[in-house]
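A short write-up of the structure that comes next.
The values are calculated or read from the model by the stated rules, or taken from the named source; none is laboratory data. From a predicted model like this one, the values you see are computed outputs, not experimental measurements. Quick reminder, even Gly has a Cβ in these numbers, built from the backbone with ideal geometry, and neighbours come from all protein chains shown. Just the protein is used for accessible areas: all its heavy atoms, side chains included, with ligands, DNA and RNA removed. Shrake-Rupley method; radii C 1.70, N 1.55, O 1.52, S 1.80 Å.
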Amino acid sequence: MVSPNEPPAGTNGLVVGVDSGGSGLRIALADAATGTVLGGRASREPVRTGPGGISAAHLLEQVLPAVRALAAPLGGRPVLAAAVGAAGMATLGDELRAELPGAFAAAWGVRRLALAADAVTAYAGALGQRPGAVVAGGTGMIALGTDLVTWRRADGWGHLLGDCGSGAWIGRAGLEAAMRAYDGRRGGSAALLGRAEKLFGPMAGLPGVLYPRTDRPAVLASFAPEVGRCAPEDPVAADILARAGAHVAEAAGAVCPAGSGALVALTGGLFRMGDPLLVPLRAALGELLPHARTVEAAGDPLAGAVALASALATGTLRLPEDPALLRLFGDEGLMAGRPPRWGPMRRVGDGRARAEAGRRETTVTQGTGHRGTEDA
């Protein structure tokens with residue numbers, strides 16, 4: 001059996017990265033050795049979810065023809081590895097884990113595969129394989145951190161139980177302030193009331209508009225930009241964003257590894273709100289994580305999927321395997337048609353056994369309400 005940190009013979013090949021989320025599917029074909037993207041395809045049709053979880057058949061219907069078309073002009077270079085990042089992978093990914101390794105092996109002869117939660121590909125896109133913490137914020141919010149030995153996760157529990165500081169959280173707080181102003185209660189905002197009525201109509205009818213919707217988090221998040229627009233002149237809106245920044249910083253603090261040198265990155269549409277959110281957020285990060293350095297995210301979740309696949313192909317993977325967040329599949333199982341698995345693995349750089357990660361009991365799961373990388 002080949003270790004994930006032993007490069008396969010001849011790395012002059014290709015890798016496939018896939019990013020699957022609530023807003024659709026993105027696919028990239030890249031050079032295995034450098035990670036340079038050679039071509040890509042995108043679909044606005046999200047992969048369906050059925051009784052078995054995320055539909056492997058529907059994902060394959062979109063991925064296989066796209067990769068075939070992208071690879072056609074490249075002279076038959078082999079696909080050496082692939083990585084798929086998907087929203088809901090931890091809780092809804094059983095069918096993908098059962099079917100994708102064999103399907104990719106049959107289609108491309110691919111030898112190595114990573115199946116990851118989208119929070120992991122967001123991490124890899126933002127920070128690569130460096131220790132630190134990444135907060136993915138959009139409609140929802142999740143924080144993920146690693147010291148390159150284990151993963152830590154905070155929030156991402158959906159708009160009813162968490163996602164504190166997310167687009168849905170900000171939008172809900174803004175609409176509550178609008179309702180308070182409508183009622184004449186303390187804590188209301190006339191500015192937010194005016195914005196809410198312009199978007200949703202008379203406030204007395206808002207519950208009837210909102211409560212029957214199956215996409216309530218997205219509807220709530222659609223009001224978050226209005227809170228941002230009001231914040232420079234409205235103290236209630238400004239306070240909502242200050243509290244959101246504190247929540248995001250607390251999530252980052254819960255997962256960021258201790259010690260100097262840790263990095264913190266923010267990724268996702270939420271943070272395009274700009275200074276009304278980022279100024280209080282950066283202040284909170286500086287207070288909670290004085291040892292960490294905040295950096296710009298290098299890339300998005302699709303870039304992270306490509307980076308994972310390239311690391312598998314070249315034997316340079318350092319991010320830790322985790323039963324819920326990052327599963328690795330390798331040569332022996334793929335070629336024999338059995339459920340693929342890695343054997344004992346060693347971390348790059350220090351030689352310590354990583355096989356413990358596969359045996360370790362974990363309570364880390366991904367909430368079905370997580371839409372961390374979608375736009376607010």
Worksheet item: Filtering the stretch 20-53 down to residues that are farther than 26 Å from G128 by Cα and part of a strand (DSSP E or B), which residue is most open to solvent (accessible area, probe 1.4 Å)?
Response: T49
Worksheet item: Here are G165, G174: which of them is crowded, with 24+ Cβ neighbours inside 10 Å, modelled with pLDDT of 95 or more and either closer than 30 Å to G261 by Cα or of a type in the set (S, T, N, Q) (or both)?
Response: G165
Practice prompt. For the stretch 282-301, state whether one or more residues are touching a strand residue (DSSP E or B) at 6+ places or on another chain (Cβ under 7 Å), in contact (Cβ under 8 Å) with a residue 60 or more places away in the chain, assigned to a helix (DSSP H, G or I) and farther than 19 Å from G165 by Cβ.
Written response: yes
Discussion item. Looking only at the stretch 214-243, count every residue that is open to solvent by 40 Å² or more (accessible area, probe 1.4 Å), under 17 Å from C164 (Cα atoms) and either touching a His at 6+ places or on another chain (Cβ under 8 Å) or charged (D, E, K, R) (or both) and tell me the total.
Written reply: 3
Fill in: Residue list for the stretch 62-83, restricted to those being surrounded by 15 or more Cβ atoms within 10 Å (Cβ to Cβ) and not in a loop (DSSP other than H, G, I, E, B)
Q62, V63, L64, A66, V67, L70, A71, V79, L80, A81, A82, A83
Worksheet item: Quick one: how many residues across the stretch 94-113 are within 23 Å of A32 (Cα to Cα), of a type outside the set (A, V, I, L, M, F, W, C) and out of contact with any strand residue (DSSP E or B) (no Cβ under 8 Å at 6 or more places or on another chain)?
Response: 1
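Is there a residue in the stretch 244-260 that is free of Cβ contacts under 8 Å to residues at least 24 places away in the same chain, open to solvent by 60 Å² or more (accessible area, probe 1.4 Å) and not hydroxyl-bearing (S, T, Y)?
No, the stretch 244-260 has no match at all.
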Fill in: Single unsatisfied condition, V209 versus (1) within 28 Å of the chain's Cα centre (by Cα); (2) modelled with pLDDT under 95
(1)
Worksheet item: Given the stretch 84-181, what strands (runs of 3 or more DSSP E) lie entirely inside it while holding 1 or more residues that are within 14 Å of the chain's Cα centre (by Cα) and closer than 30 Å to V236 by Cβ?
Response: 132-137, 141-146, 151-155
